[in-house]
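Heads up: the structure comes next, in structure tokens.
Every read-out reported here was derived from the displayed coordinates using simple, explicitly stated rules and does not represent laboratory data. For clarity, every value in this text was computed on a predicted model and none was experimentally measured. Here the Cβ is made from the backbone with ideal geometry for all residues, glycine too, and neighbour counts use every protein chain on show.
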């Protein structure tokens, strides 16, 4: 039984706690903490976990074998570094850290430790549809991938959602996904500004991102975050011999009143619930069997941050922006991207 401590008992933290206590086997939540002590204490009381008054005290708790970080993004660096210093595996929700410099400090600390401890919460890699798409690409039947068309659509977003969040909060999932899908790095970014959607007010929405891959393939990503009809994630690879795309996400097709319709997921939780379950099951199983993790790494978190920063610069300037990565430590070479 793997004993896990959870830092951050907000929406995503509570959902992961539910997952580990009600859905998955071989794991128990040993301790929890949050900046809101009252919320953390109520979660602790409900689950039987211990309450700890700080992330650091949770990490050093002898009953905690592995750590899950779901706190506010700017706190991620301190908790992930503390977990590395303690030699404990740590699952960190994205972003790995709020800046590429902070991400690189985590990479360097883990490389100095000498083994993989960090996994970043990029759950697209665990979605059955994306895994099936990658499996088709791996057969070679499509030939070399030439392009990929992606869409990341939200019915709406909260008022605090800013222009840059379309890249740093939304398209960052596609950034990680295409690195993993193609097994190569993104080398340059451009951002185009289509006609503005009136539903978004002053928000520059939608956006069109263009990623140049190391092989020369081109990936376009549409972000439309006020499109009203639902949460819709799309992806199609164009190869030399044919194409492959994500399948229908609806379990039913309704024919009624002379029309046929496929229900659209309401939000990211509905769309990727299975992916989150698989992500945690594989993380837990890997730690229990070998003490090692092989999911999205600290290097993946760093690379996503660098590409996101390049995208933000491209959005501000309208120019093509090269992506410049630090030298990748040998620790990540066999596995990242996979």
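Of note:
- Helix 298-317 and the longest principal axis of the C-alpha atoms of the chain enclose an angle of approximately 40°.
- Across the stretch 47-151, counting alpha-carbon atoms alone, Rg and Dmax equal 17.7, 55 Å.
- Centre separation in Å (Cα based) which lies between the stretch 115-181 and the stretch 282-338: 12
- Most mobile listed residue (253, 28, 14) in the chain, GNM with C-alpha springs under 10 Å: 253
- Taking all Cα pairs closer than 8 Å and separated by 6 or more residues, the relative contact order of the chain comes to 19 percent.
- Here the chain carries DSSP beta bridges of which approximately 55% are antiparallel, counting only pairs with both residues inside.
- Compared with the dominant Cα axis of the chain, that is its longest principal axis, helix 76-86 is turned about 50°.
- Anisotropy class of the stretch 5-84 from Cα gyration tensor, a/c 1.5 cut: rounded
- Between the Cα long axis of helix 268-290 and the first principal axis of the chain there is an angle of about 50°, rounded to the nearest 10.
- Each stretch of four or more DSSP H residues adds -39500 (n - 2.57); spread over every residue of the chain, this sum gives -11000 deg cm²/dmol at 222 nm.
- Order of 268, 72 under a 10 Å beta carbon neighbour criterion, fewest first: 72, 268
- Among 52, 19, 316, a tally of other beta-carbon atoms within 10 Å of each Cβ gives an order, fewest to most, of 316, 19, 52.
- Overall form of the stretch 254-338 per C-alpha gyration tensor (a/c, 1.5; a/b vs b/c): oblate
- Shape category assigned to the stretch 32-72 from the gyration tensor of Cα positions, a/c cut at 1.5: oblate
- The chain: most fluctuating residue of 125, 195, 288 per GNM, C-alpha cutoff 10 Å: 195
- Percent RCO, i.e. relative contact order, over the stretch 7-120, from Cα pairs under 8 Å lying at least 6 residues apart: 22
- The chain: most fluctuating residue of 63, 22, 99 per GNM, C-alpha cutoff 10 Å: 22
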